[in-house]
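In what follows, a structure is listed as structure tokens, so that the remarks can point back to it.
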Ligand SMILES: [Zn+2]
């Protein structure tokens, strides 16, 4: 006769499925529903019943002794450390997106900016995915290497056909201050004569077109 156990153990449903399917399910993998602090990640808490199965103590002990792994879980709680981190991340996203919008609005209002900064769209899309919450991880340092071309004397120019976006000096300074990276690619407005445009080719023309924007 089975005595009712005092402790209830939660085990990963995923692991239990493996146990039911395979002869050698490997060690118990309860960390798949736990965060690194041993609690339930806040984003998993609302469907935690789908992730765990409750076992009586004697069954847990049998499985644990045979397969190892773990850890033992007797209490499911939302991790407060993760909760604080999530709130801080949400705040960071909001600040970055709001600041960008504000700076970009000011840039749009400038009739003829004396300088325009170029940013790799590949990096920008990563940043955008992060601030919009589509990507959990923030991007690494700004990487303009794919859109940059080093000219004689170490002068850095925009590469022809580069996938880039135009931002203001202030927006560049803001993003660069947060993420670092480079190189800096600045297109300066100079006195370009419109009638000269037809005679230009290749990179020169690209530069001129960029100026004209
Ligand atoms: Zn946590």
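Bear in mind that the values in this text are calculations on the coordinates, not laboratory data. Everything quoted here is computed from the prediction, not taken from an experiment. All Cβ positions, glycine included, derive from the backbone under ideal geometry; neighbour counts span all protein chains shown.
Only counting other Cβ atoms within 10 Å, I'd like 21, 32 sorted with the fewest neighbours first. Don't jump to the answer; show the numbers that get you there.
Values: 21 8, 32 13.
Fewest-to-most Cβ neighbours within 10 Å comes out as 21, 32.
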- Any idea what angle helix 202-212 forms with the longest principal axis of the chain, computed on alpha-carbon atoms, 0 to 90 degrees, nearest 10? 90
- Task: Quick one: order 92, 188 by neighbouring beta-carbon count within 10 Å, fewest to most.
- Result: 188, 92
- Query: So for 18, 91, 159, fewest C-beta neighbours within 10 Å to most, what's the order?
  - Reply: 91, 18, 159
- In degrees, nearest 10, range 0 to 90: what is the angle between the Cα axis of helix 121-131 and the longest Cα principal axis of the chain? 40
- Message: Take residue 46 and residue 149, extend 7 Å from each Cα along the Cα→Cβ direction, and tell me the distance between the two endpoints in nm.
- Response: 5.0
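Between residue 134 and residue 7, 0.36 nm times their residue separation minus their Cα-Cα distance comes to what? Don't skip to the answer; put the middle values down first.
Values: separation 127, 0.36 × 127 = 45.72 nm, distance 3.96 nm.
Net length gain for the segment: 41.8 nm.
Among DSSP beta bridges lying fully in the chain, give the percent that are antiparallel, nearest 5. Walk me through the numbers before you get to the answer.
On the way: 15 of 20 bridges.
Just about 75 percent of them are antiparallel.
Roughly what % of DSSP beta bridges within the range 8-78 run antiparallel, to the nearest 5? Kindly include the intermediate steps, with their values, before the conclusion.
Details: 5 of 8 bridges.
Taking every DSSP beta bridge within the range 8-78, about 60 percent pair in antiparallel fashion.
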- Message: Given the range 53-133, report the % of alpha carbon pairs whose separation exceeds 20 Å.
- Response: 63
- Item | Alpha-carbon Rg with Dmax, taken over the range 1-111, Å | 21.8, 86
